[in-house]
Amino acid sequence: ENLNSKEYLQHVKAQLFSVLDDVEPVPGVPGDTKWLLKTNQFGQDFEFSWVARDLPPVKKEKIHWFSTDGLNNKGAVTFDQRPDGRTVVRMNISYEVPDVLVPFGAALSPLVASILQADLERFGAFSSKVVAAMGAGKRR
């Protein structure tokens, strides 16, 4: 089934990312998306947004981005193909800690790491299902 960019982003967001509330393409700016993160941590509600600009991907190896507005961040997701057919996915994200979170300093990094780890595990499970479905389709 073909999904347009907005539908695809919404589907992926809902399936994989626990703290993302919305992802929207920026009208008229190909490769830019507006991201909205909402979470309750440390007994408080937090909301952050940013515009991410995709950098040219390295086919079958890497997707990467940087923010152009809002929460300052950049990152990359790399895909390492293994000889046994498996793929190892690694995520590297750097971000500027928003002023409102500075008081939580030492607790913030492990919290973000645990959220991202859980999201990557969901991504792994989702990817396995997609690969299994594609394999099933090829046998028909």
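Restricted to the range 65-89, and to residues there that are open to solvent by 60 Å² or more (accessible area, probe 1.4 Å) and touching a strand residue (DSSP E or B) at 6+ places or on another chain (Cβ under 8 Å), the residue that is modelled with the lowest pLDDT is Thr87. All of Ala133, Ala107 fail the test of being open to solvent by less than 70 Å² (accessible area, probe 1.4 Å), modelled with pLDDT under 85 and over 28 Å from Phe42 (Cβ atoms), apart from Ala133.
Of all residues in the range 1-49, which are at pLDDT below 65 and of a type in the set (A, V, I, L, M, F, W, C)? Full working, then the answer.
Initially, the range 1-49 is screened for residues at pLDDT below 65, giving 1-15.
Residues satisfying the conditions are Leu3, Leu9, Val12, Ala14.
Every test in (1) part of a helix (DSSP H, G or I); (2) open to solvent by 50 Å² or more (accessible area, probe 1.4 Å) is passed by Leu101 save one, and that test is (2). Residues that are out of contact with any Asp or Glu (no Cβ under 8 Å at 6 or more places or on another chain) and open to solvent by less than 60 Å² (accessible area, probe 1.4 Å) do not occur anywhere in the range 30-40. In this structure, Asp69 does not qualify as in contact (Cβ under 8 Å) with a residue 40 or more places away in the chain and closer than 27 Å to Asp32 by Cβ. For the criterion of being over 28 Å from Phe46 (Cα atoms), assigned to a strand (DSSP E or B) and of a type in the set (D, E, K, R), Asp84 fails. For the range 19-51, filtering for residues that are under 26 Å from Leu101 (Cβ atoms) and not in a strand (DSSP E or B) leaves 4.
Only residues that are assigned to a strand (DSSP E or B) and open to solvent by 50 Å² or more (accessible area, probe 1.4 Å) were counted across the range 52-64, and they come to 5.
The values are calculated or read from the model by the stated rules, or taken from the named source; none is laboratory data. Everything numeric in this text was worked out from a predicted model, so none of it was measured. Note: ideal-geometry Cβ built from the backbone for every residue, glycine included; neighbour counts use all protein chains shown. Note: accessible area is taken over every heavy atom of the protein model, side chains too, but ligands, DNA and RNA are not part of it. Shrake-Rupley method; radii C 1.70, N 1.55, O 1.52, S 1.80 Å.
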